[in-house]
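A.B. asks: The structure under discussion is supplied below as structure tokens; questions concerning it will follow.
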Amino acid sequence: MEFKETKLFSGKENKSNVNEKINNVKEKISSARERISSANVKISNVKERQSNVKEKKEENYELIIKNKDKKDIKVSIIMPSYNKYEYVSLSLHCLLGQTFDFSNFEVILVDDCSSDNTSHIPKEFDPPFKFKYVRPRKNQGRSRARNLGIQLAEGKVIIFLDAEMLTEPNFIENHYKHHINDKNIVVSGAMHYRGIYTFLTSDFNSKQWVHIDDFVPRDPYFTFLYNEYKQNHQNSNQLFPLITKKDINNNSFQNLSFPNWYFTKELNNGLSEFGLDLSNFMLPYIAFLTGDVSVNKELLDKVGYFDESFRGYGAEDWELGYRLYKNGARFLLDSSTFCYHQEHPISSNNFPEAMGNLHQFMKKFPNFDVLALALEHKPALSFTQIHYVVSQYNELCEVHPFEYREFKQLFHTMLIKLVENLRDSKPISKLHDCNTSSEVKISKQLNELKKLRLYALTNSFEALSEKKMETLLEMVPLSYRFSIRESSSFKKFIQNSQG
């Protein structure tokens with residue numbers, strides 16, 4: 001009797017099949033995570049739309065409309081304002097010089113219960129374009145003010161413009177041209193805006209006055225107004241005008257403008273390598289800055305409006321920008337849509353408020369491409385550097401979805417704790433409290449990640465955990481550690497590392 005040899009699959013084939021199955025599982029998990037993230041964003045969008053509808057029904061406000069007969073509105077400019085009467089008056093005057101057809105745009109000024117003379121503007125301002133003055137019965141904050149403007153907007157394109165912005169004549173035209181054939185685009189001019197001193201006041205802080213004293217007297221004309229203020233008005237609590245409507249008409253106001261250090265040097269630093277459309281940039285939503293940004297109203301209706309639970313200053317625009325980004329919107333930086341920001345006194349509460357709102361944003365979307373925003377504050381990374389940290393984190397999760405869980409979790413924890421401490425004005429050191437066994441495991445994982453050359457990720461992690469300082473000490477004999485800890489050079493190193 002003849003037997004045929006039956007060959008079962010080899011060990012090599014078996015291993016290949018197992019690897020293939022593992023890869024399939026990883027792909028399914030990755031796909032599931034994307035679906036969960038997408039579902040969370042959609043749930044948030046629905047909640048925002050429901051909130052907007054409810055608030056719209058309950059809204060109670062004063063509305064004054066000029067030039068009601070203008071019906072063919074293509075662009076709606078929404079300007080929320082609170083106690084900025086003098087600045088708003090100049091901003092509105094500047095819009096009279098737009099090259100865009102006056103019959104095709106409207107300006108919606110949302111006066112969030114100002115206690116100054118902002119309520120006089122409907123009587124004083126008589127523009128050739130459609131103008132809506134809106135005043136809620138009570139102050140409700142930036143998010144609600146902008147949402148009210150959106151609800152009253154007739155244009156298909158919305159331009160969010162801070163009330164203290166001065167514009168170039170082709171401002172609206174340069175925004176609108178991008179939206180004609182692309183309903184899915186967000187156009188930002190804020191990253192290129194310039195600062196300008198239109199008024200002098202004793203309420204400017206010392207840092208602002210250092211810049212004013214150095215910058216304004218350089219101009220041969222405005223130096224006379226500067227000297228007049230210094231000699232006769234600096235003890236007054238009234239705003240002293242440097243720029244008038246006449247200066248806007250003849251464009252001489254531009255002589256007192258300067259690049260804004262934060263937006264043009266910090267926020268925009270290095271972004272040129274990603275192109276004007278921020279392709280492949282991991283944080284494109286940071287371009288959604290409501291000082292100067294435009295978006296199709298259909299997109300806003302789709303993802304929901306501003307989250308009105310964000311009170312005070314900061315992050316409410318990035319939060320909406322993030323939802324737009326997750327729903328497929330593309331972002332474009334256009335320097336021709338820049339504005340001039342009228343510098344004004346800065347509230348001392350701005351930073352804690354901003355950190356509180358950033359913390360709220362991080363809690364709402366605890367994804368790494370949101371949490372990583374904290375790295376701007378420690379170890380003071382640029383947004384281009386944060387891009388590389390996020391990119392490497394995504395690479396780690398894609399290749400090793402189940403490994404390095406302790407490292408990932410601690411990174412998340414430290415980023416949230418960092419912003420919590422900044423919000424509460426606490427030291428930004430000791431951001432974690434791991435037990436010895438966890439520290440050993442995380443240290444091992446950290447070394448493995450360095451072997452994978454994920455240095456943007458590991459360096460940022462070490463800066464937060466301050467692991468590098470402890471490692472330096474562990475390399476020194478025990479008998480010398482105390483003296484090193486007490487040395488001035490080491491204390492300085494510790495202080496600098498802790499921000």
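Read-outs: derived from the displayed coordinates by stated rules, not from any lab. What you are looking at is a predicted structure, and each value in this text was computed from that prediction instead of being measured. Virtual Cβ from ideal backbone geometry, glycine too; neighbours counted across all protein chains shown.
A.B. asks: Please state, as a whole number in µm²/s, the translational diffusion coefficient that the Stokes-Einstein equation yields for the range 347-457 at 37 °C and 0.692 mPa s, with Rh defined as the Kirkwood radius across alpha carbon pairs.
C.D. replies: D, rounded to a whole number, is 221 µm²/s.
A.B. asks: Right, another one. Specify the inter-centroid distance of the range 267-312 and the range 81-97, based on alpha-carbon positions, in whole Å.
C.D. replies: After rounding, the separation between the Cα centres reads 24 Å.
A.B. asks: Right, another one. Based on the alpha carbons, how large is the Rg to Rh ratio for the range 406-470 when Rh follows Kirkwood?
C.D. replies: For the range 406-470, the value is 0.98.
A.B. asks: Taking every pair of Cα atoms in the range 379-425, average 1/r, invert it to obtain the Kirkwood radius, and report Rg/Rh to two decimals.
C.D. replies: With Rh from the inverse mean 1/r over Cα pairs, Rg/Rh is 1.05.
A.B. asks: Once the piece of chain linking T436 and N83 is laid out straight, how much longer is it, given 0.36 nm per residue of separation minus the C-alpha distance between them?
C.D. replies: Answer, rounded to one decimal: 121.6 nm.
A.B. asks: Let me ask something else. Taking every pair of distinct Cα atoms and averaging 1/r, then inverting, what Kirkwood hydrodynamic radius in Å comes out for the range 185-225?
C.D. replies: Computed over the range 185-225, the radius equals 12.4 Å.
A.B. asks: Can you work out the base-10 log of I(q)/I(0) for the range 80-122 at q = 0.13, 0.19, 0.25, 0.28 1/Å, using the Debye formula on its C-alpha atoms alone?
C.D. replies: Here log10 of I(q) over I(0) equals -0.31, -0.60, -0.88, -1.00.
A.B. asks: Using the Cβ atoms and a cut-off under 14 Å, what net charge is assigned to the surroundings of S279, where Lys and Arg are +1 and Asp and Glu are -1?
C.D. replies: -1
A.B. asks: Students often check this: by mean Cβ neighbours within 10 Å, which of 200-206, 319-325 ranks highest, and how do the rest follow?
C.D. replies: In descending order of packing, they fall as 319-325, 200-206.
A.B. asks: What is the Å³ per residue value for the convex hull set by the Cα atoms of the range 235-392?
C.D. replies: Expressed per residue, the convex hull around the Cα atoms of the range 235-392 is 163 Å³.
A.B. asks: Oh, and also: How long are the semi-axes of the equivalent ellipsoid of the range 195-279, taking √(5λ) for every eigenvalue λ of the Cα gyration tensor, in whole Å from largest down?
C.D. replies: The answer is 30, 16, 11 Å, longest axis first.
A.B. asks: Go through 405-416, 442-453, 84-95, 425-436 and give me the packing order, highest mean Cβ count within 10 Å leading.
C.D. replies: 84-95, 405-416, 442-453, 425-436
A.B. asks: While we're looking at this one, here's another question. Please compute the length gained on full extension between K450 and Y221, using 0.36 nm multiplied by the number of residues separating them and subtracting their Cα-Cα distance.
C.D. replies: Length gained, K450 through Y221: 76.6 nm.
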